[in-house]
1. Using alpha carbons only, how many angstrom separate the centre of the stretch 3-46 from the centre of the stretch 144-162?
2. Could you give log10 I(q)/I(0) at q = 0.07, 0.17 Å⁻¹ for the stretch 4-237, computed by the Debye formula over C-alpha point scatterers of equal weight, without solvent?
3. Return the sequence-ordered ³J(HN,Hα) values of the stretch 141-154 in whole Hz as given by the Karplus equation 6.51 cos²θ - 1.76 cosθ + 1.60 applied to θ = phi - 60°, using x for Gly and Pro.
4. How large is ³J(HN,Hα) for each residue in the stretch 105-122, as worked out from phi by the Karplus curve 6.51 cos²θ - 1.76 cosθ + 1.60 (θ = phi - 60°), to whole Hz, x for Gly and Pro?
5. So who's got an amide H within less than 5 Å of the one on Leu30, skipping anything under 5 residues away but keeping other chains? H placed 1.01 Å off N, in plane.
6. Express the accessible area of the chain per residue in Å², computed with a 1.4 Å probe while the remaining protein chains stay in the model.
7. What is the extension gain from Glu69 to Met1, computed as 0.36 nm multiplied by their sequence separation minus the C-alpha to C-alpha distance, in nm to one decimal?
8. Need the C-alpha centroid separation for the stretch 53-83 versus the stretch 165-243, integer Å.
Amino acid sequence: MMKYALVTGGSRGIGRAICIKLAGMGYHVLINYRHNDAEALATLQAVREKGADGELMKCDVTDGAAVSEMLSAWMQSHPDGYIEVLVNNAGIRKDNLMLWMTGEEWAHVLDTGLNGFFHVTQPLLKNMLARRFGRIITIVSLSGIKGLPGQTNYSAAKGGLIAATKALAQETAKRRVTVNAVAPGFIHTDMTGQLDEDELKRLIPAGRFGEPEEVAGLVGFLASPEASYITGEVISINGGLYT
Ligand code: NAI
């Protein structure tokens, strides 16, 4: 039977690497993204090059009604299948010191990271529980564990996701649905493109930024049957940065 995985924010960066990893594991990959059709198509192409297939699911995860409509339409047209792996990867940063932070900067970051998690995860849970197998993996951040100055909004979103992960894991464990979070440090993507890498890498014991494929490797492991007894965990992947 066809196995389905959904990756939010799958058009580029870490999300794209995760789509490719899951394709290599034999998943049919549903690639969610917000607006960049060309990048999303490039991800789909890369999925196909792995010998798997996938489809694009364009939708803004901050829009609960749109997400719910998209997922119910998908479920109706796939009565025999279900999404067994969900990777909540969509996330944005809008850094500012709290002193100058606007309500919009606060709300948009929370809406995307934290509310997006609810909008996508809630409708998919029922099938995972009924079929007694599921994997929910959420990409959080070092910022959500230790807090980073200039990121009260982002730290709040990621910290909230960590707590939600731990709570949900306890609700679903008996039905073999595991819920975990992956907390990257500095990874080479568009999100970190503006940062001063030479300065920052001196703080990293491994002496370098990580690659999206390294994060995808960990996500692939958590999605696999080998990781069945790991749940409610937050696993850091940060080159040795103290968390
Ligand atoms: P990116 O900016 O390259 O990609 C973000 C993805 O999220 C894009 O595919 C975009 O379409 C999608 N997205 C954003 N808002 C969305 C929305 N409202 N609805 C649907 N999709 C939306 O970022 P990157 O670096 O690949 O980040 C992926 C995840 O990893 C994020 O959750 C980020 O917070 C997290 N992360 C990244 C780190 C890094 O160093 N790059 C470090 C720690 C965590």
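The values are calculated or read from the model by the stated rules, or taken from the named source; none is laboratory data. Because the structure is predicted, anything quoted here is derived from the model rather than measured. In case anyone asks, the SASA skips ligands and DNA or RNA and just uses the protein heavy atoms, side chains included. Shrake-Rupley method; radii C 1.70, N 1.55, O 1.52, S 1.80 Å.
1. Comparing the Cα centres of the stretch 3-46 and the stretch 144-162, I get a distance of 25 Å.
2. -0.21, -1.31
3. These are the phi-based 3J(HN,Hα) values: 6, 3, 4, x, 9, 9, x, 10, x, x, 9, 4, 5, 5 Hz.
4. Karplus values, whole Hz, x for Gly and Pro: 5, 5, 5, 5, 5, 5, 4, 6, x, 7, 5, x, 4, 5, 4, 8, 6, 4.
5. Amide H neighbours of Leu30, under 5 Å, 5+ apart: Ala5, Leu6, Val7, Glu55.
6. With all protein chains present, the chain gives 48 Å² per residue.
7. Result for the pair: 22.0 nm of gain on full extension.
8. 25 Å
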